[in-house]
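First comes the structure, then the notes that go with it.
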Amino acid sequence: MARKLLLDKAHIENIRYYDVYRANGGYAAAEKVFKGMSPEQVVEEVKKSGLRGRGGAGFPTGLKWSFLAKPEGVPRYLVCNADESEPGTFKDRYLMEFLPHLLIEGLLISSFALGAHRTYIYIRGEYAWIPDILEEAIEEAKRNNWLGKNIQGTGYDLEIYVQRGAGAYICGEETALIESLEGKRGNPRIKPPFPAVKGLWESPTVVNNVETLAAVVPIINIGGEEYAKIGIGKSTGTKLISACGNINKPGVYEIGMDISVEEFIYSDEYCGGIANGKRLKACIPGGSSVPILPANLLLKTAKGEPRMMTYEGLNDGGFVTGSMLGSGGFIVLDEDQCVVRNTLTLARFYHHESCGQCSPCREGTGWMKRVLNNIENGKGKMSDIDLLWDIQRKIEGNTICPLGDAAAWPIAAAIRHFRDEFEWHVLNPEECLKRNYGLAHYADPLPVPAAVAAAV
Amino acid sequence: MAVQFSEEKLNKVKEIIARYPEGKHKSALIPVLHLAQESFGGWLSAETMDYVASLLQITPIEVYEVATFYSMFNMQPVGKYLFEVCQTGPCMISGSDQIIDYIKKKLGIGVGETTADGLFTLKTVECLGACGYAPMMQLGKHFREHLTPEKVDAIIEECRAKAN
Ligand SMILES: Cc1cc2nc3c(=O)[nH]c(=O)nc-3n(C[C@H](O)[C@H](O)[C@H](O)COP(=O)(O)O)c2cc1C
Ligand code: SF4
Ligand code: FES
């Protein structure tokens, strides 16, 4: 069994409530901090742990915290990003629903480290029942003097508030989130200035993901160095993976970042293999924005080595033969699935979620959706495939925020690895309405096509 | 129906405004719009939005531009029960297309339409963060997951019983 640091107590009945959480070692990390650590020491511990942001980008958390500007007399804010809207991702929901005090303890320690006295949890509006759970836990924490004024007699004050969004993926992007929290449309801001200098209400602000902030608790408990011993290289500690699609056991798993993708998919401890005795066709391993990989490249890198469930492992081969760990949204497609249709749903998603500020993103996502819709419905031309390639190239890198890239990458990867499936749709306009293309040569255990391997 | 919060809801508005520093009450807009939509028929009429603007002492346009940006705010009346079925990739590969077709047939309406009795509206939405429990839909405050035709039947019956 892998070491669990976040979900180790998730199975305990009523762990949602303060008394049970406390009786099982809860708030011990906060106690440790208040009994003798300075804010700088907490930041140092997080740096030592090697923790990287769990929201998708994987930026080192300790480093991010050290960038926070500290002008005299200006409040600083911590905002917890619980917008969780990346297709395939549902891990933060699990943490908040079942272990709300773990998040609150993490927020308390992190707020103390950053010198924040008002902290907001920005949660996607559709998780409409979770604010009640969080607010109840906040009340409990307050009654036990872990929040409010003069916490545990230290003189430190902190309030945590829950803010609901109202349905907009873009509000997960940190500057759009800040705009939304200020009561505006979720239009991303041009950076610089970065939130660390000018964020919420023009004050220095740190935005971190739910899982990142929860991970601060075990880091303090076991120490940064001990945490860094788990995992491989710069992928330290444990990571929550939300697994979905055509597997036997969809759900949220905590992995040590030292296992292979093959073990994650096929072992009974995790996904339990492909459902209904089917074969694995493809996988989007880190949420909808990351490149899709065919089975052969998913299980082994282009060099033929086992692919590992780490930031570097999933990225091995770059965008030519690799993907990304992203948010940990692990989407598995079996042999019956249509890559064109799947790509179409993602193009529609990004078109729907584009805030509309930049024309390459606003117009490009709409085009890609329409062209894909034609191909999927047997009305495509061969030149449409190149057109799609061309549009995604024109979006990437030409926008205010990374949503444009996130919309472009899945399409580029689908064409790169599954071009013959797109061509088959064009060449068989009637048949493609009745059946799917199937596996072709993508499935495990066939080797990596020579052309791809040579390109690396 | 005159648009006016009850005493209790007005207190709730005050409580929301108190979450922000002095002078930053515009931040209360989205939470108060949620409260307004819940209180005034499940959608935001111009009258409702103007009322919210006056409560928060901001201009009506500041409310309209926000209300129209977010997909959870309904700009038109909807049925008493709003079925919001997710259709994004992970749900699609787990059978959401079939569930949407089944609901359409069962209720005799298309996507975006409301049944003649005003009870049900069908909407398709993008990923709701329940991909591992697909197919799924949002119904009011909660998610209904692992949907099958039988489960859809039961949900429709449950709503009809509640409406009576
Ligand atoms: C379009 C878009 C959507 C995003 N959605 C989320 C999200 O739902 N949750 C999240 O934590 N980060 C999301 N991010 C990343 C945030 O901008 C930010 O990097 C993150 O919250 C930082 O936290 P971390 O360092 O702890 O990962 C998104 C980014 C983009 C560009
Ligand atoms: S890239 Fe898209 S979502 Fe991001 S700011 Fe531009 S239009 Fe908005
Ligand atoms: S794709 Fe439907 S809930 Fe995520």
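The values are calculated or read from the model by the stated rules, or taken from the named source; none is laboratory data. Predicted, not measured: the structure shown is a model, and the values here were computed from it. Methodologically, a virtual Cβ is constructed for each residue, glycine included, from the backbone with ideal geometry; neighbour enumeration extends over all protein chains shown. Accessible surface areas use protein heavy atoms only, side chains included; no ligands, DNA or RNA. Shrake-Rupley method; radii C 1.70, N 1.55, O 1.52, S 1.80 Å.
I need the full set of residues from segment B:13-41 which are crowded, with 17+ Cβ neighbours inside 10 Å and either acidic (D, E) or assigned to a loop (DSSP other than H, G, I, E, B) (or both), in order please.
B:R19, B:Y20, B:F40
Just to be sure before I move on: is A:E312 away from ligand 2 (no atom under 16 Å from the Cβ), acidic (D, E), in contact with a Lys or Arg (Cβ under 9 Å, 6 or more places away or on another chain) and within 14 Å of another protein chain (Cβ to nearest Cβ) in the structure I sent?
Working: away from ligand 2 (no atom under 16 Å from the Cβ): yes; acidic (D, E): yes; in contact with a Lys or Arg (Cβ under 9 Å, 6 or more places away or on another chain): yes; within 14 Å of another protein chain (Cβ to nearest Cβ): no.
No; evaluated as a whole, the condition is false for this residue.
Look through A:E225, A:E211, A:E159 and report the one residue that is assigned to a strand (DSSP E or B), modelled with pLDDT of 95 or more, of a type outside the set (S, T, Y) and away from ligand 2 (no atom under 16 Å from the Cβ). First the steps, then the outcome.
On the way: A:E225 fails: assigned to a strand (DSSP E or B); A:E211 fails: assigned to a strand (DSSP E or B).
Step by step, each of A:E225, A:E211, A:E159 is checked, and only A:E159 is assigned to a strand (DSSP E or B), modelled with pLDDT of 95 or more, of a type outside the set (S, T, Y) and away from ligand 2 (no atom under 16 Å from the Cβ).
Restricting to segment B:61-77, name every residue that is more than 7 Å from chain A (Cβ to nearest Cβ) and surrounded by fewer than 19 Cβ atoms within 10 Å (Cβ to Cβ).
The initial filter retains those residues of segment B:61-77 that are more than 7 Å from chain A (Cβ to nearest Cβ), namely B:61-64, B:67-68, B:74-77.
Listed by number, the residues that qualify are B:I61, B:E62, B:Y64, B:T68, B:N74, B:M75, B:Q76, B:P77.
Could you say whether any residue in segment A:72-90 is within 11 Å of ligand 1 (Cβ to nearest atom) and small (G, A, S)?
There is at least one residue in segment A:72-90 that is within 11 Å of ligand 1 (Cβ to nearest atom) and small (G, A, S).
Just to verify a result, which residue in segment B:80-92, among those that are open to solvent by 10 Å² or more (accessible area, probe 1.4 Å) and part of a loop (DSSP other than H, G, I, E, B), is nearest to ligand 1 (Cβ to nearest atom)? Show your work before the answer.
At the first step, the residues of segment B:80-92 found to be open to solvent by 10 Å² or more (accessible area, probe 1.4 Å) are B:80-82, B:84, B:87, B:92.
Remaining after also requiring part of a loop (DSSP other than H, G, I, E, B): B:80, B:87.
Values: B:K80: 31, B:Q87: 19 Å.
Step by step, filter segment B:80-92, then rank; the result is B:Q87.
Out of curiosity, is A:A29 within 16 Å of ligand 2 (Cβ to nearest atom) and more than 14 Å from chain B (Cβ to nearest Cβ)?
Working: within 16 Å of ligand 2 (Cβ to nearest atom): no; more than 14 Å from chain B (Cβ to nearest Cβ): yes.
The answer is no for A:A29.
Report whether or not A:Y27 is modelled with pLDDT of 95 or more, open to solvent by 30 Å² or more (accessible area, probe 1.4 Å) and more than 12 Å from ligand 1 (Cβ to nearest atom). First the steps, then the outcome.
Details: modelled with pLDDT of 95 or more: yes; open to solvent by 30 Å² or more (accessible area, probe 1.4 Å): no; more than 12 Å from ligand 1 (Cβ to nearest atom): yes.
So A:Y27 fails the test.
Give segment A:51-95 a look and list any residue that's within 24 Å of A:L403 (Cβ to Cβ), more than 10 Å from every other protein chain (Cβ to nearest Cβ), in a helix (DSSP H, G or I) and open to solvent by less than 10 Å² (accessible area, probe 1.4 Å), or say none.
Once the filter is applied, which keeps residues that are within 24 Å of A:L403 (Cβ to Cβ), more than 10 Å from every other protein chain (Cβ to nearest Cβ), in a helix (DSSP H, G or I) and open to solvent by less than 10 Å² (accessible area, probe 1.4 Å), segment A:51-95 yields only A:T61.
Identify the residue in segment A:162-179 that is small (G, A, S) and within 13 Å of ligand 2 (Cβ to nearest atom) and, among all such residues, is nearest to the other protein chains (Cβ to nearest Cβ).
Going through segment A:162-179, the residues small (G, A, S) turn out to be A:165-168, A:172, A:176.
Narrowing further to those that are within 13 Å of ligand 2 (Cβ to nearest atom): A:168, A:172, A:176.
Values: A:A168: 5, A:G172: 11, A:A176: 10 Å.
Across segment A:162-179, the extreme among qualifying residues is A:A168.
Please pick out the residue among B:S45, B:S54 that is away from chain A (no Cβ under 14 Å) and under 29 Å from B:A116 (Cα atoms). Give the derivation first.
Values: B:S54 fails: under 29 Å from B:A116 (Cα atoms).
After ruling out the rest, the residue left standing is B:S45.
Is it true that A:G186 is on the phi > 0 side of the Ramachandran plot, assigned to a loop (DSSP other than H, G, I, E, B) and modelled with pLDDT of 95 or more? Walk me through it before giving the result.
Values: on the phi > 0 side of the Ramachandran plot: no; assigned to a loop (DSSP other than H, G, I, E, B): yes; modelled with pLDDT of 95 or more: yes.
No.
State yes or no: is A:E179 open to solvent by 50 Å² or more (accessible area, probe 1.4 Å) and away from ligand 3 (no atom under 16 Å from the Cβ)? Walk me through it before giving the result.
Values: open to solvent by 50 Å² or more (accessible area, probe 1.4 Å): no; away from ligand 3 (no atom under 16 Å from the Cβ): yes.
Spelling it out, it is not the case that A:E179 is open to solvent by 50 Å² or more (accessible area, probe 1.4 Å) and away from ligand 3 (no atom under 16 Å from the Cβ).
Where in segment A:291-363 are there helices (runs of 4 or more DSSP H), lying fully within it, with 3 or more residues that are under 18 Å from the mean Cα position of the chain (by Cα) and modelled with pLDDT of 95 or more?
Details: elements: A:295-299, A:311-315, A:318-321, A:339-353.
Here the list reads A:311-315, A:339-353.
Here's a check for you: in segment A:363-388, which residue that is surrounded by fewer than 17 Cβ atoms within 10 Å (Cβ to Cβ) and within 27 Å of A:N187 (Cα to Cα) is nearest to ligand 2 (Cβ to nearest atom)?
A:E363
Out of the residues in segment B:93-104 that are open to solvent by 20 Å² or more (accessible area, probe 1.4 Å) and of a type in the set (S, T, Y), which is nearest to the other protein chains (Cβ to nearest Cβ)?
The qualifying residue nearest to the other protein chains (Cβ to nearest Cβ) is B:S94.
Using beta carbons and a limit of 6 Å, which pairs, at least six apart or on different chains, have the first residue in segment B:125-151 and free of Cβ contacts under 8 Å to residues at least 12 places away in the same chain and closer than 20 Å to A:Y350 by Cα and the second one within 14 Å of ligand 3 (Cβ to nearest atom) and aromatic (F, W, Y)?
What qualifies is B:G129/A:F90.
Might you check whether a residue that is under 24 Å from A:A10 (Cβ atoms) and without any contact (Cβ under 8 Å) to a residue 12 or more places away in the chain occurs anywhere in segment A:240-258?
In the first step, residues of segment A:240-258 are kept if they are under 24 Å from A:A10 (Cβ atoms); the result is A:240-245, A:247-258.
Now restrict to residues that are without any contact (Cβ under 8 Å) to a residue 12 or more places away in the chain: A:251.
There is at least one residue in segment A:240-258 that is under 24 Å from A:A10 (Cβ atoms) and without any contact (Cβ under 8 Å) to a residue 12 or more places away in the chain.
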